[in-house]
Amino acid sequence: MTLFGIVTAFMAISTLSAPLSPPKTLQWDRVAPGVWRATIGRKDKLNLISAAAARPAKDALKKQGDVETPPIDLSLASGENVAGHAVARIPLLPDEKLYGLGLQMHGSDRRGGVYHLRMDHYSGGKDRLHAPTPLYISSKGYAVFFNTARPISIYAGVGNRLGSPGNPKSRDRNTDPAWEAQPASDAVEASVQAPGMEVFLFAGPTPMDALRRYNLFCGGGALPPRWALGFWHRVPLEASAEEVTRETEEFDRRSFPLDVVGLEPGWQSRSYPGSFVWSEKRFPDPAGFLKKLGDDNLRVNLWENPYVAESSPLYTPLKPFFASHTVWLGAVPDLTIPKAAEIVRQHHKSVGIDLGVSGYKIDEVDGVDVWLWPDHAAFPSGIPGDQMRQIYGVLWQRELETLFEDSGKRTFGLVRGSNGGASRFPFAIYSDTYDHREYVTGITSAGLAGVMWCAEARSASNGEEWVRRMQTAVLSHIAQLNAWADGTKPWSFPGYEEPVKKAMQFRIEILPYLYTAFAQYHYQGTPVIRAMSLVDGGDETDQYLLGDDILVAPMFAGTKSRKVRLPHGEWFDYETGKRVGDGETIEVTPALDKIPLFVRNGALIPTIAPQLRAGTLRKGTPIILRSYGNQTPHGALYDDDGETFAYRKGRYSWFDLSIDKDGRGVMTKREGDGSSLYGAITVQSFAR
Ligand code: GAL
């Protein structure tokens, strides 16, 4: 070897063996009250916040109050670029629990797991998700959001860095029975294959406060129209206009509530890939059909998946914007390109919204590479295929929501894949999976991922299961029967019609309460449905709080009784008003027609008499305040026109509900213009 060779070899070895430099302490900026931001490396231009076009609800954030001191020791949070990854390291205390990390269908505390947050629900892997939101909420009362549209891996208290001060003491496995295979780690590490990413930190003091700040930072939760809180029924795949009308008439004849009819792929002239135009055979006069249903105060929601058939009128104008790969041979438009998005919007306007369509169900946006497109698929915008899969459902929600905003009408729809940043979109997630317990866990974990969940009922193997499934459906964000494959009707199980009707009527009965809970989501960022981890740090995934005051404990077929853990404070049975306990675990044995529902002491629940449509409440509808317990009763009520965006211009009201000394119900304006749909107030006292 020449001298030059020796010197070069020596330099190579010494470069390889240079000691690693420690990750850099992150530099944080306070970007909104109680919100801090740090950046590692160079962040992607397209990220979750930009894909959702999310803008902070500044006034609402201000109302949450400012926080001077960051909720964690920022000097311990670090970041680095290593081997093509951008990595964030956020400190953890030994007794901290972590919640969230996407719309998970199992479990509650995520500490001690590794989560590869990728859009996908087909591969069956435990961490593949319909909403892989990279957000976690700590039991210590703060939340962390990794703002990247890339697939991201989160090591939730897993992995010990060399020399980290919080590492547990090393033990000798030969002699020490306390040796652990997975020693506790003192940090969450998040890594993406990217030049950089942005990290947001949301202050508490409680986990709920931190989640509120996250939702408000994304623009506040969605506020759906009032009609969308009624009952939804999706008709079979190939139903024709006539068959749909016959079906809706049967709902009315049998007095089962109905507000929204969902049309499945058969409304289009072809599907998979779709034509995006009405089938002349099944719907010869779409405008007339929609008008007839509209006159009957029914809304129509259209299924679609975003993949365009060559015969579709959308194909030629969108051609310059298609990706290199197809889905079911349908072309995939790149919706990050404004011109493509505009074409898609215009088409939906003329074929749908202008005719009276109330919303969409965006299907098949949640697959991984075998289902959608490969990682290396090219999009005209240059966005990599794996990144596009993470946000494709978000982009469709964004465009459709924009369209409805432009038309001045609110919408509520369904989507099978969403992600972080999307709290403001009025879409609930659904799935092709059908495990009842997973569906209930989905109801509870949706709020922890900044999304909503539709625990739809589709079919059942017997009447008991049908009743229990429908009872769960009416207590999720969208109350839906999806009969696309089975043609099941609410009354399909002879002898079980009445408990099903009762559950559907209950949905309408609590409409004012439910609408208020949605308003809390919108104005305050508080999820409509609250996991026990947010309520009091509990880890149950089979019970949850709906709004402020109703604890829900769904029943599952094949079980006659179940345990319910009551949070601290006295609780009362919704139907009988009987006291059931205080901060203890009780066993309940509800009859088949009964959903175990418990009300907080002192709560006033605003309700209405059962009716067939949520969307046709007339001015002066009497309101019934259900009063529980033995404390001074109080409650809240939100109201607005239920359909337009006039609330953004101050046309809304918040009321405090109370009972005066003569036992009369009182609505006192707290905020807004004081107008309300409701008339006479009656009180139904279950007070003890
Ligand atoms: C599935 C979807 C179902 C139904 C069906 C129609 O992908 O999850 O709810 O819409 O497509 O083909």
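The values are calculated or read from the model by the stated rules, or taken from the named source; none is laboratory data. Since we're looking at a predicted model, the values are computed, not measured. Positions of Cβ are generated from backbone atoms using ideal geometry, with glycine treated the same way; all protein chains shown enter the neighbour counts. Just so you know, the surface numbers come from the protein's heavy atoms only, side chains and all, with ligands and any DNA or RNA stripped out. Shrake-Rupley method; radii C 1.70, N 1.55, O 1.52, S 1.80 Å.
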- Message: With the requirement that a residue be farther than 28 Å from residue 383 by Cα and in contact (Cβ under 8 Å) with a residue 12 or more places away in the chain, what does segment 29-56 give you?
- Response: 32, 33, 34, 35
- Query: Which condition number does residue 326 fail, the rest of (1) buried (at least 22 other Cβ atoms within 10 Å of the Cβ); (2) away from the ligand (no atom under 16 Å from the Cβ); (3) under 17 Å from residue 389 (Cβ atoms) being met?
  - Reply: (1)
- Checked segment 265-288 for anything open to solvent by less than 10 Å² (accessible area, probe 1.4 Å) and either over 31 Å from the mean Cα position of the chain (by Cα) or more than 14 Å from the ligand (Cβ to nearest atom) (or both); matches are 275, 276, 279, 283
- Task: Tell me which residues, restricted to segment 31-66, are of a type in the set (A, V, I, L, M, F, W, C) and touching a Gly at 6+ places or on another chain (Cβ under 8 Å).
- Result: 38, 40, 48, 49, 51, 52, 54, 57, 60, 61
- Subset of segment 131-189, residues assigned to a loop (DSSP other than H, G, I, E, B), more than 25 Å from residue 537 (Cα to Cα) and of a type in the set (Val, Ile, Thr), comes to 148, 175
- Message: Here are the criteria: (1) open to solvent by 10 Å² or more (accessible area, probe 1.4 Å); (2) under 24 Å from the mean Cα position of the chain (by Cα); (3) within 25 Å of residue 133 (Cα to Cα). Tell me which single one residue 408 does not satisfy.
- Response: (3)
- Query: How many residues are outside any strand (DSSP E or B) and either basic (Lys, Arg) or at positive phi (or both) if we restrict to segment 640-688?
  - Reply: 10
- Answer yes or no as to whether residue 116 is in contact (Cβ under 8 Å) with a residue 60 or more places away in the chain and either open to solvent by 30 Å² or more (accessible area, probe 1.4 Å) or over 19 Å from residue 165 (Cα atoms) (or both). no
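Among strands (runs of 3 or more DSSP E) lying entirely in segment 34-123, which contain 3 or more residues that are assigned by TED's automatic domain parsing to the domain that holds residue 158, aliphatic (A, V, I, L, M) and under 25 Å from residue 216 (Cα atoms)?
Numbers: elements: 35-41, 78-82, 85-91, 98-100, 113-119.
Where strands (runs of 3 or more DSSP E) fall fully within segment 34-123 and carry at least 3 residues being assigned by TED's automatic domain parsing to the domain that holds residue 158, aliphatic (A, V, I, L, M) and under 25 Å from residue 216 (Cα atoms), they are 35-41.
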- Item | Sole residue being touching an Asp or Glu at 6+ places or on another chain (Cβ under 6 Å) and open to solvent by 10 Å² or more (accessible area, probe 1.4 Å), chosen from 435, 375 | 375
- Query: Among (1) open to solvent by 40 Å² or more (accessible area, probe 1.4 Å); (2) not in a loop (DSSP other than H, G, I, E, B), which single condition is residue 513 missing?
  - Reply: (1)
- So, of the residues in segment 243-264 that are free of Cβ contacts under 8 Å to residues at least 60 places away in the same chain and not β-branched (Val, Ile, Thr), which turns out to be most open to solvent (accessible area, probe 1.4 Å)? 253
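To keep it simple, each residue is scored yes or no on (1) within 14 Å of the ligand (Cβ to nearest atom); (2) among the β-branched types (Val, Ile, Thr).
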| residue | (1), (2) |
| --- | --- |
| 257 | no, no |
| 262 | yes, no |
| 320 | no, no |
| 332 | no, yes |
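Given the criterion in a strand (DSSP E or B) and either among the polar types (S, T, N, Q) or open to solvent by less than 30 Å² (accessible area, probe 1.4 Å) (or both), identify the matching residue among 581, 538. I'd like the intermediate steps shown before the answer.
Values: 538 fails: in a strand (DSSP E or B).
After applying the criteria, what remains is 581.
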- Does any residue of segment 295-313 turn out to be modelled with pLDDT of 95 or more, outside any loop (DSSP other than H, G, I, E, B), more than 23 Å from residue 427 (Cβ to Cβ) and acidic (Asp, Glu)? yes
- Residues that are under 21 Å from residue 533 (Cα atoms) and open to solvent by 70 Å² or more (accessible area, probe 1.4 Å), drawn from segment 141-175: 155
- Mind checking whether some residue in segment 68-91 is open to solvent by 20 Å² or more (accessible area, probe 1.4 Å) and closer than 26 Å to residue 366 by Cβ? yes
- Item | Within segment 445-494, considering residues that are away from the ligand (no atom under 16 Å from the Cβ) and β-branched (Val, Ile, Thr), the one farthest from residue 261 (Cα to Cα) | 451
- Query: Is one or more of the residues making up segment 212-235 surrounded by fewer than 20 Cβ atoms within 10 Å (Cβ to Cβ), on the phi < 0 side of the Ramachandran plot and touching a residue at least 24 places away in the same chain (Cβ under 8 Å)?
  - Reply: no
- Task: Taking the residues in segment 1-33 that are among the hydroxyl-bearing types (Ser, Thr, Tyr), modelled with pLDDT under 85 and not in a loop (DSSP other than H, G, I, E, B) as candidates, determine which candidate is farthest from residue 525 (Cα to Cα).
- Result: 8
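Every residue in segment 356-374 that is closer than 19 Å to residue 234 by Cα and away from the ligand (no atom under 15 Å from the Cβ), please.
Step one: of segment 356-374, the residues closer than 19 Å to residue 234 by Cα are 356-364.
Selection gives 356, 357, 358.
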